[in-house]
1. Which of the trypsin sites (Lys or Arg not before Pro) across segment A:73-165 are loop residues per DSSP, with 13 or fewer other Cβ within 10 Å?
2. What are the semi-axes of the equivalent ellipsoid of segment B:1-106, taken as the square roots of 5 times the eigenvalues of the Cα gyration tensor, listed largest first and rounded to whole Å?
3. What's the Cα-based Rg to Rh of segment B:58-272, Rh via Kirkwood?
4. Report, by chain and number, residues whose modeled amide H sits under 5 Å from the one on A:V94, excluding near sequence neighbours (fewer than 5 apart, same chain).
5. Leaving out same-chain residues fewer than 8 places away, which lysines sit with a Cα under 24 Å from that of A:K43?
6. Residue by residue through segment B:3-19, which ³J(HN,Hα) values in whole Hz follow from phi under the Karplus form 6.51 cos²θ - 1.76 cosθ + 1.60 (θ = phi - 60°), with glycine and proline marked x?
7. Please state the Cα pair-distance histogram of segment A:10-246 with 5 angstrom bins from zero: what percent is in each bin?
8. For B:Y264, enumerate residues with amide H under 5 Å from its amide H, sequence gap 5+ or separate chain, H modeled in the peptide plane.
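Taken together, the values in this text are just the output of simple stated rules run on the coordinates, not laboratory data. Model, not experiment: these values are computed from the prediction. As a convention, Cβ positions derive from the backbone with ideal geometry for all residues, glycine included, and neighbour counts pool all protein chains shown.
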Amino acid sequence: MSTDTNTPLLSVENLRFRWPSGQRDVIEIPELSIQQGERVFIKGESGSGKTTLLSLLGGINLPDSGTIKLIGTDIAQLKQSHRDQFRADHIGFVFQLFNLIPYLSVLENITLACAFSKCRKAKALAKSGTLEDEAYRLLSHLQLQDRRLLAKPVSDLSVGQQQRVAAARALIGSPELIIADEPTSALDADTREHFLSLLLSECEYSGSSVLFVSHDPSLENSFDRSIYLSALNRAVVGLPADQQESAL
Amino acid sequence: MNLLLLLKLTFKSILNRKFTSYLTLFSICISVFLLLGVDTVRKEAKHSFTNTISGTDLLVGARSGSVQLLLYSVFRIGNATNNIGWDSYQKISAHRSVAWSIPISLGDSHKGFRVMGTTEAYFKHYRFADEQALGFKAGKAFSAVYDTVIGAEVAEKLGYQLGDELTLAHGVYDTDFARHDDKPFVLTGILARTGTPVDRTIHISLQGIEALHIDWKTGTRSRETVSAQNALKLELQPTQITAFMLGLNSKMDIFRVQRAINSYKKEPMLAVLPGLALGELWQLIDVAEKALLVIAVFVLLNSFVGLLTVILTSLNERRREIAILRSLGCRPIQIFILLASESLLFAIVGCFLGALLFLIATVLSHSILQEYGLHIPLSSFGSEQLVLIAAVIGVSFLVGSIPGYRAYKQSLADGMSIKL
Amino acid sequence: MHTLRILLLLMLTISPMANSDEYKEVTWDDLMPESWVPSVTEDQAFFEGETFDGTVVELPKTEFSPIVNTLDKQKLKLPGYMIPIKFNASSVSEFLLVPYVGACVHTPPPPENQIVYVSLKKPLVTQDLWAPVWVSGTMKAQLSMTKYATAGYHMTEAVMEVYEY
């Protein structure tokens, strides 16, 4: 994995994708690149293909054509199992809701990311000595200082707390790319901004790039760059709003 | 492959659904217990019964059916239809082809245990299991008319010691209005454990039987009773016996002697080969046996259907969880293992509990089983039972692959768009 | 456990096949001397020369029906039915081999030279008792009765296989 500062972290070219039963492309992106450490806001309304794009970038779905170069590796060329491992090693996800596994404790949820990636585990241990300490360190940076929280079941936490735990999981072991899919949409207005600033500062501390997808334009300003997916994704460009939804 | 991790996740997931998990586990535990029980009882029944008699060439009783004769004379189950005259017995047992004979007389009881009248020949010639002879744990065979020798189970249950007095009852059930209380018997011997109905029998001499019934000739106690002492002075030669066992000098004679006894014009008798009579018994029981086994298997299958239902219903709730795992880098095959191992885990724990329950049950029901002539030792749980359990676990894996496969396919199809 | 039985049956049919050449196949007729004719009344007077309706009859001189001495020490193979004598819950180790089923019940029993006392090399796990079998072993044909052996045909070190129709 080359970490030459001139090479973009993520480089997408001529990406095309359609669902197996679909009759037309849902993703057609000629070019997209993100630099290391960059914080990118992707504005996508529903129907613009944002979830599909994220699943392609995460290696969960395979594009029909094009390249997705992440840290120098074209994940579109990798086998399923290698893609899965790549995702585990280099990408951290934060979703809108229900990020956590209900039958595991807070600590277990966070360290689960390390269970699937040896290199992230190594990096986490290098930072704090034990996984538990590292999890606690991240949580306290995200302003959850109570150590007892680690042993608590997930159901005891508020939504805001759950989202921060999810962020900790995404960040543990310092993966190069954080993909956040509407992580603030379920939070109330006050918590939203707070969460965002915590997330971004921690990503900066880790040196991770952020790809933040949301339909809420008020958050744009915190980011280095904004991309409008409906303009980027040729597959939906030109389609009126109501047709955009049904395109997927 | 993070196998251990996956198993840990499965385990925690199951713990999270405590109530349904316990019910499912209970269901599997019970059905495994049933399967083990049915299988073991039928094997041990065969074993117990077959081990009761050995080395006897012919069993002879009043003419009835061969299985019935076997049951009442050897297993003390059921009753004879009629008796055999003493002179018929003497004539047959005196024949040159007969090496030894044991006459027996049944009809009385004591506190739920059957009383059997016989001679010293019984203690000398009776064999069980692999040609094992009867041994004495304490004392010796009877010598006087009112002596008695009891089996190991009787001694244990009733706590008798040598020298104790026993009052025998008339008839198969012991009730106080039909007791021979004027003629108590003295315990002179306790037999070592055999694992056969011998343990549950009280043995007295044939003369003892005669003495008991000396004033019961009309079928009920006569007004003028004869005391125990006076009875000794009277003629105590038996006139009838219930059955007798024969050991021949040459095995080649078995058929001829049998034929001769069966066609004996002076008295209707039946002579059977114990081996063949047992075979007939198994034929009778076989159908019931197989039916029970089939039922037990169906009960188990039913449990698995229940398990499958539980896991499949949970699958819907777990789609989100599976998507999260996928996003963390979990591979579809690992998702398959996650779900399939759930069924496996239930089966393993269920089998363990079922086996445990079975072992506890065999210990607790020991005395009840003994009444039916069954002896199920703890050692009966062996490699065959383990094979059965292994089969159950194997089936559970097949069952588990169904939700496993579904989850596998779903995880591939869902991608990151999870419809909640 | 049905599969266990089938497996066992298969093993039985396969294993002795390897040695079946050393055993000479005989029939039940071969066990009776050619000159001898079994008499009908032989077993009628069993108890001290008395028939069943009470009349006294002359007992025949020979105690047992005659055997064919030349068969002694021969390795023979004979088909028949088992009557178990020495057995336990799982296996049979010694039995009487007879030419037909129901040897003990319906018709007059077979004469001694139509019964073979077989002792198996290895106790056999009990299968269907009424299935016809081939028994291969060393035949002992003895005339006199000693303390330890009884007269008639004995087959020792025998192996058994299921009779194929």
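1. A:K79
2. 60, 16, 7
3. Across segment B:58-272, the Cα-based Rg/Rh ratio is 0.96.
4. Amide H to amide H, under 5 Å and 5 or more residues apart or across chains, A:V94 pairs with A:I179, A:A180, A:D181.
5. Output for A:K43: A:K69, B:K419.
6. Whole-Hz 3J(HN,Hα) from phi for segment B:3-19: 4, 4, 4, 4, 4, 4, 4, 4, 4, 5, 4, 5, 4, 5, 10, 3, 4.
7. Distribution as computed: 1, 7, 14, 18, 19, 16, 13, 8, 4, 1, 0 percent.
8. For B:Y264, the qualifying residues are B:M269.
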